[in-house]
Amino acid sequence: MTFRVDLLAVTLALVSSAIACKGAPPPSPVKSAPPGRMRFTDVTQASAVQSTWVAGSSGHNYYVEQMGGGGAFLDYDQDGRLDFFVAGGGVLPGYKGNRPPGDRLYRNNPDSTFSDVTKAAGIRTDWYTLGAASADYDNDGLPDLFVTAVQGNTLYHNDGHGHFVDVTEHAGVRGSALSTSAAFLDYDNDGWVDLFVGRYMDYAVIADKGCAIRGMGQQDLNRARIMEEHQKGVSKLPLTCGPHVMPTTSSLLYHNNGDGTFTDVSAASGISAAQGHALAVGIADFNDDGLPDIHVASDGYPSLLFMNLGGGRFKEDAVRAGVATWKGGRAFAGMGTDTADFDNDGRADLVTSNYEKEPETLYRGRGDGTFIDVVEQSGVMTPSYPFLKWGVRALDFNGDGWRDLMIVSGHVDPAGTPGRPLNIPDESWPGKGFAQEALVLVGTGTGTFSDKSASSGPFFKDKHVARGAAFADFDNDGDWDALIVNIDEPAVLLRNDSPGHRWGRLQLEGAGCNRDALGARVRVTTGNLTQTEYVRSGSSYLSDHDRRPLFGLPGSAPAVAEIRWPCGAVQTVNLQPGQTVRVKEAGCRLPHRKEVQ
């Protein structure tokens, strides 16, 4: 599809802007909507995409092998078509295979194919990489790229000539310990995006002695021998180390100084006061005070919720908010997360992916920073229960105005075979195996979801050892597509071929706030339906996404979008069905901002 811009709508956006401290009150939710059909097509080969996250296994059973990788969508060459980056994993001591290709950057071509531009773009390929996040950290109008890796993290600056420059040391964001998911956010609303980096534990490959046995310290275990003993039913040793025997650590928060450098404010902000095994991060304004808050999914430990107090300070408040643990104080193994208004009540909700025989947790936000656990009545619990779940995203895949869920899964243990009960209390329910299917749960408009995986395309009947999942409308046809990153098998590119529907999209450019408009809240009303979207980085697992707000527009009523920019300015613009409307912030311009032509 051709990327189109409606000039009239842009003019209307600028003319109709208004300044306000707060937006309109949350709209009343609509009570019913028919579930729409959904269909995805695997276009990986047709798109000429060849990328594999390689675990680099050697039989030593390094802890990092189970992490997997993610991807990030970004329009690095600013041609209106979203390109994408995929983490490549790497090799570990003792690996005897051919050196894998490593990280990949693909440019989106006009003919629906992608070209590998990794070398030309200056992306390094020799580190053991995991996750990625993208944002315009220097407000020059070009998306930059941040990549997490075992050896340390990397910040790539986009030079505007199809090339990225490694500026990590100058920027001061190399980091330490095992970094996982990352997200950009402007936590102090000063017009420059800051950086949150989730960390799992202090880790060095050279110190990794194999599986840690509870009560026995570190032991170097022969994985092949243990697997053979497991097959004979005589081994009682774990095949893969679990989180409870690994030390926790705190995550990192970097403040953007506005001069290309960052300052580590993890301690000063209160972020380092709480520890866990951070795997995924979700950003949203959970109490509607105009400041972005941070949710962290923690593996085997209580989830964390950092509420933004203003003045550069955060308070970890997950227990009071009701999202730290499940019933009875049970801490799930949180793998992935997303923040979205899935019930269209105008408030940010939470979804978290968890271990097998743990449900996909669903929390409905009250709008004051607290939540209600609604998973048991949502229809999500039963279909998600047997899977070991990772990347997740709550998006309107079928264009009916209600959020759906896509969840990708895969075990950490090759011995987790179908029919073999694992060490979970409910032994009557067998595990799903090492490779597992992905799920599509369709929002019905009544606060519940219906499992439509089997009818959503052949891909959802296949099994993969999946981890990261990134989402974008990479063909600009008005619906959400997906990139799924697997372990030791090619990544999958899914094109959304669901039946046609009305849609409208915004492309926001901050002037007083950060150029990416991270932290903006968009409400679109068509007829009696109002949808809310938060412009955000991160979420899912190890991944980042297309952040152009995209809305299904059911019916034929006009669609009006209210944009609350992070600095408090409010603009109203008419959405044009079937088009992308560019809107530049008209209020709260900051004096230090340079206009980019």
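The values are calculated or read from the model by the stated rules, or taken from the named source; none is laboratory data. What you see is a predicted model, and the numbers here were worked out from it, not measured in a lab. For neighbour counting, all protein chains shown are included, and Cβ atoms are generated from backbone atoms with ideal geometry for every residue, glycine included. These accessible areas exclude ligands, DNA and RNA; they are computed on the full protein's heavy atoms, side chains included. Shrake-Rupley method; radii C 1.70, N 1.55, O 1.52, S 1.80 Å.
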Please give me the summed charge of the neighbours of residue 126: other residues whose Cβ is under 10 Å from its Cβ, Lys and Arg +1, Asp and Glu -1. +1
Using a 1.4 Å probe and ignoring any ligands, DNA or RNA, find the accessible area of residue 206 and quote it in Å² to the nearest 10. 150 Å²
Residue-ordered couplings for segment 150-157, obtained by feeding phi - 60° into the Karplus form 6.51 cos²θ - 1.76 cosθ + 1.60 and rounding to whole Hz (Gly and Pro as x), are 4, 6, x, 8, 10, 10, 9, 9
Residues whose modelled amide H sits under 5 Å from the amide H of residue 326, counting only those 5 or more places away in sequence or on another chain, are 331, 332
Counting only protein heavy atoms and using a 1.4 Å probe, what share of the accessible area of segment 448-501 belongs to carbon plus sulfur, as a whole percent? 52 percent
Ranking request for peptides 112-119, 395-402, 180-187: highest mean number of other beta-carbon atoms within 10 Å first, then the rest in descending order. 180-187, 395-402, 112-119
Which residues' amide hydrogens lie under 5 Å from the amide hydrogen of residue 559, considering only partners 5 or more residues apart or on another chain, with H built in the peptide plane? 575
Determine the dipole magnitude for segment 283-366: charges of +1 sit on the beta-carbon of Lys and Arg, -1 on that of Asp and Glu, nothing else is charged, the reference point is the Cα centre, and the result goes in debye to the nearest 20. 380 debye
Protein accessible area in segment 82-154, 1.4 Å probe - carbon and sulfur %: 49 percent
Whole-Hz Karplus ³J(HN,Hα) for segment 249-265, in order, using 6.51 cos²θ - 1.76 cosθ + 1.60 and θ = phi - 60°, x for Gly and Pro? 8, 9, 8, 10, 10, 10, 8, 6, 7, x, 10, x, 10, 10, 10, 6, 10
In the neighborhood of residue 252, defined by Cβ-to-Cβ distances under 15 Å, what is the net charge if each Lys or Arg adds +1 and each Asp or Glu adds -1? -2
Quote the accessible area belonging to residue 485 in square angstrom, nearest 10, computed with a 1.4 Å probe and with ligands, DNA and RNA left uncounted. 0 Å²
